[in-house]
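What follows is a set of notes on a single structure, which appears directly below.
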Amino acid sequence: METYLEAEGLTKYFDGVAAVEDVSFVIRRKEIFGLLGPNGAGKTTTIRMLSTVLAPDAGDVCVGGHSVIREGDEVRKRIGICPQELALYPELSAVDNLVFFGRMAGLSGHEAKARARAVLVGVGLEARGSEVVKKYSGGMQRRVNIGIALMNRPELLFLDEPTVGIDPQSRNHIFETVLALRAEGTTVLYTTHYMEEADRLCDRIGVMDRGRIVAVGTPAELKRQVGDPDRTTLEEVFLHLTGRSLRD
Amino acid sequence: MTTFFRHAFILAAKDTQIFWRDRFGLVLAFLFPILFAFAFSHAVEDGGPPEAAPRLTVVAHEKHGVLREISAGLTASGWAVDERTRQEAVDAIENGEIEGFLLFPEDFGTSVATGGEVRIHVVVSGNHPAAEAVLQGVARAVGSRVETLALAARAVGALEPARPHDAEAMLEALRLPPLTSLEMTRMGQRRHNPANFTLPGYLTMFVFFAAALGAGAIVRERQTRTLERLLSTGVRAPSILAGKFLSGAGRGVAQLAVLWTVGVLGLSMDLGASPGAVVAVSLLFVLVSAAFGVMLAAMVDDLRSAATIGVFASLTLAPLGGCWWPLFIAPEWLQVIARLTPHGWANDAFNRLMLFGASASDVAPAMLALVVFASVFGAIALLRFRFSPPI
């Protein structure tokens, strides 16, 4: 399978403390790559460097053949980001949110409206797109959050904990959306604290701890490191790799 | 460059769309200043001081004879004569109750009756030149009339040195007009419309207030990583800052349009001899406020700090900068402090233009000061702004 993203020696310090240190991994085209780790492991900092928002102190990332350091604009054209926060405007309708971010991504007004209609269908909100987002349930707001990331038809989609605090129905809808995107050819980087979610969705998983990648492989390969892959859960693998001590 | 402006305008349009849906924001930006301007314009208009008789505090050791005549003359001339003992008057000055008084010495009546040297003392609290001028004027007027009587007394004394003189009887005998008759004329045929200083004051206060509170919305966008998300779509940081500045300025311009219209049509406000200069000062103050809002967002990390500092700055700078009362009636130290605030420069310019008929060139220093404030606030915002929440 063709490599779509390649991170090499990514390092980032905050106030002299390494948040991410010498992280290297690849994501193949059209795969769902899970990035797992306890709180403070460096997942979000890594995503911010992969998506050109944060400049690495060392290392580089190549996305679709373009360096995030030297060709940031080319990289930004190819990516969509869904942060774990609801990075949208609750006072506006879902349509207005989508059109706004679409226009900021370079679409014309007409294109943005057409794309917003398509995206709303994709995230299952076509019937309520004109309502203001603050009246939505948590799950609906999460779906708008994902929809915004899809406005520029990204080749690589970053989903940072997209299912936090939502009901099973909304979570299931998001799973189906992600799987449909992969089927359409989108590459996905997915972070989550829910191990069963990663097990169900991800083709391969990278486990981070204390700013470093400690394991990469398919769910079955990771389980095999601990025991019988048919009887071992991903959560057992995770605790085996990152320890049982509490994290801040 | 085209993309820069395109992004800035789309961002500003989105913020404006949100602003028009924010009921509290609309009340704060438009309704409050209108209500305040109406209420305080009418309160000042209906108030007592301009209509009431001017008060004149007098210390006299006699309540009869010449002094009674003087008192009657002053009252007939429209003064409210307030008679006190010397100690009471001194205490009143120290308490700030009065600014000065006229002191007629113990031998005043005798001096007039005998044709001796007549003295009236003017006692004024420090640094009240206006009160001093009024009291001096009254003392001179009284003195000039009393001199006539003293002259007559001297003449009678020369003819009849052995006979004690009664000033009151002498007045009657000489049929002199009332001892004191001071004509008072209120300067100007038309009183100033109080809205000419209340509305500009509340306009500056609430334009700044709305911009300062707007900083909270920017901080919220940073916390929810919306700004970061914009950066990841290829929007440049300067475009985002320009968009935020534009939206703040657009909101301020809308406030100006509404408030000046209400002022002119609803409060019969007079923009003075240079309405263009009034508009120019208003627009410059809007730029200062918008830049302050972005600067505040650049300097704080969370919503609570943004709200606290925004409210504190607005409510502190407003009185210091002459939003609640005209600066020219404020003590000198307050006028000096006002020069450190954009409100002070703006209100001083508004007062000059709308109350004293100044021209655009007269308020050029104020306009320059506002440009400096906007530049400094904008530069700090550019240097300090962060697009991501603190780690």
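What follows draws every value from the coordinates through simple rules; no lab data is involved. Note that the coordinates shown come from a computational prediction; the quantities given were computed from them, not determined experimentally. Here the Cβ is made from the backbone with ideal geometry for all residues, glycine too, and neighbour counts use every protein chain on show.
Numbers below:
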{"read-out": "Max mean-square fluctuation residue, GNM over chain B, Cα-Cα springs under 10 Å, options B:12, B:37, B:72", "value": "B:72"}
{"read-out": "Charged-residue dipole, Cβ positions (Lys, Arg, Asp, Glu), chain B about Cα centre, Debye nearest 20", "value": "2520"}
{"read-out": "Sequence of A:209, B:22, B:15 once ranked by neighbouring C-beta atoms within 10 Å, starting from the fewest", "value": "B:22, A:209, B:15"}
{"read-out": "Quotient of Cα Rg and 2.2 N^0.38 Å for the stretch A:77-129, N being how many residues it contains", "value": "1.10"}
{"read-out": "Dipole axis of the protein assembly as shown (+1 Lys, Arg; -1 Asp, Glu on Cβ), positive-most option in B:61, B:208, A:130", "value": "A:130"}
{"read-out": "Ranked A:62, A:202, B:323, criterion: other C-beta atoms within 10 Å, fewest first", "value": "A:62, A:202, B:323"}
{"read-out": "Descending Cα extents along the principal axes, the stretch A:68-205, whole Å", "value": "41, 39, 24"}
{"read-out": "Angle between chain A longest axis and helix A:94-104 axis [Cα atoms, degrees, rounded to 10]", "value": "80"}
{"read-out": "Global form of the protein assembly as shown, assessed from the alpha-carbon gyration tensor, a/c cut-off 1.5", "value": "prolate"}
{"read-out": "The protein assembly as shown, dipole about Cα centre (Lys/Arg Cβ +1, Asp/Glu Cβ -1), debye to the nearest 20", "value": "2120"}
{"read-out": "Using θ = phi - 60° and Karplus 6.51 cos²θ - 1.76 cosθ + 1.60, couplings along the stretch A:229-244 (whole Hz; Gly, Pro as x)", "value": "x, 7, 10, 8, 8, 5, 5, 5, 4, 4, 5, 5, 7, 10, x, 9"}
{"read-out": "Per-pair calculated FRET efficiency, R0 = 45 Å: residue B:315 and residue B:265 via Cβ, rounded to 0.05", "value": "0.95"}
{"read-out": "Relative contact order of chain B, pairs being alpha-carbon contacts under 8 Å that are 6 or more residues apart, as %", "value": "20"}
{"read-out": "Highest-fluctuation residue, B:347, B:95, B:196 considered, GNM on chain B with Cα pairs under 10 Å", "value": "B:95"}
{"read-out": "Most mobile listed residue (B:243, B:293, B:344) in chain B, GNM with C-alpha springs under 10 Å", "value": "B:243"}
{"read-out": "Packing-based exposure ordering (other Cβ within 10 Å, fewest first) of B:7, B:121", "value": "B:121, B:7"}
{"read-out": "Pairs from B:14/B:244; A:30/A:77; A:113/A:135; A:113/B:14 whose Cα-Cα separation, in the structure shown, is over 19 Å", "value": "A:113/A:135"}
{"read-out": "Two-decimal log10 I(q)/I(0) for chain B, as the Debye equation yields it once each C-alpha is a single scatterer, q = 0.07, 0.10, 0.14 Å⁻¹", "value": "-0.50, -0.75, -1.12"}
{"read-out": "Over the stretch A:3-242: Kirkwood hydrodynamic radius from C-alpha pairwise inverse distances, Å", "value": "18.3"}
{"read-out": "Low-density loop cleavage sites - GluC sites (Glu not before Pro) in the stretch A:103-194, where at most 15 other Cβ are within 10 Å (DSSP)", "value": "A:126, A:131"}
{"read-out": "Span-rule helices in chain B, defined as complete DSSP H runs reaching 18 Å or more along the axis (Cα) with Kyte mean at least -1.0", "value": "B:2-20, B:32-46, B:129-159, B:195-223, B:237-266, B:275-299, B:303-320, B:342-355, B:364-384"}
{"read-out": "Gyration tensor (Cα) of the stretch A:1-118, equivalent ellipsoid semi-axes in angstrom", "value": "29, 18, 14"}
{"read-out": "Estimated Rh, the stretch B:198-331: Kirkwood, alpha-carbon pairs, angstrom", "value": "16.0"}
{"read-out": "Nearest-ten-degree value, helix A:109-122 long axis tilted from longest Cα axis of chain A", "value": "60"}
{"read-out": "Dipole magnitude (debye, nearest 20) for chain A, charges at Cβ of Lys, Arg, Asp, Glu", "value": "580"}
